[in-house]
1. Where the centre of each part is set by its Cα atoms, how far does region 89-131 sit from region 34-82, in angstrom?
2. First select every other residue whose beta carbon is under 13 angstrom from the beta carbon of S91; then total the charges, Lys and Arg +1, Asp and Glu -1.
3. Could you give the length gained by full extension between A94 and D50, i.e. 0.36 nm per residue of separation minus their alpha carbon distance, to one decimal place?
4. Hey, got the Cα dimensions of region 58-131 along the principal axes, in Å, largest first?
5. How much length, in nm to one decimal, is gained on full extension between E117 and Y71, taken as 0.36 nm per residue of separation minus their Cα-Cα distance?
Amino acid sequence: MMKKLLCAAVLATTLICSSSTVHAGTIPFTVTVGGTGSQDPLSKRERKTDDGDTFAYFRGQEFSADKAGIYVRSYNLDKEYIYSGQRFLVSTTAGIRQSAQYNMTAPGGEYYYMKSEAQSKRVTVKGYYCP
């Protein structure tokens with residue numbers, strides 16, 4: 001009897017864990033924008049999970065300068081007319097996640113990337129992006 005109960009518990013746990021909701025990928029980014037010299041304003045591309053979420057998420061973690069910030073926006077890789085609202089990541093609010101809604105339906109299963117612009121001076125920012 002005990003063996004049957006143990007098997008039932010393992011089976012139930014397996015079913016619950018395997019049916020859990022899949023969440024959109026969150027990828028780290030490092031961007032450098034503003035000032036002079038070479039810039040790297042783009043994140044790696046990431047596939048948007050097909051979960052119906054109409055927002056992109058951004059979080060700046062580390063900034064190369066105090067009181068520095070960047071503007072960020074998410075774009076569909078193949079359909080750049082699909083993009084999120086712009087958000088401002090600044091060193092004084094490092095670690096806080098910001099969301100921005102897309103301007104139209106953002107299809108899941110397609111690739112997106114984050115593009116950034118400098119507020120003014122040159123800055124390198126490390127953080128996380130989720131299309």
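1. Taking the Cα centre of region 34-82 as reference, the centre of region 89-131 is 3 Å away.
2. +2
3. 13.0 nm
4. 36, 21, 16
5. Working it through step by step, the gained length comes to 16.0 nm.
Every number here is computed from the coordinates shown, using simple stated rules; none is lab data. For clarity, every value in this text was computed on a predicted model and none was experimentally measured. Every residue, glycine as well, gets a Cβ built from its backbone with ideal geometry; the counts of neighbours run over all protein chains shown.
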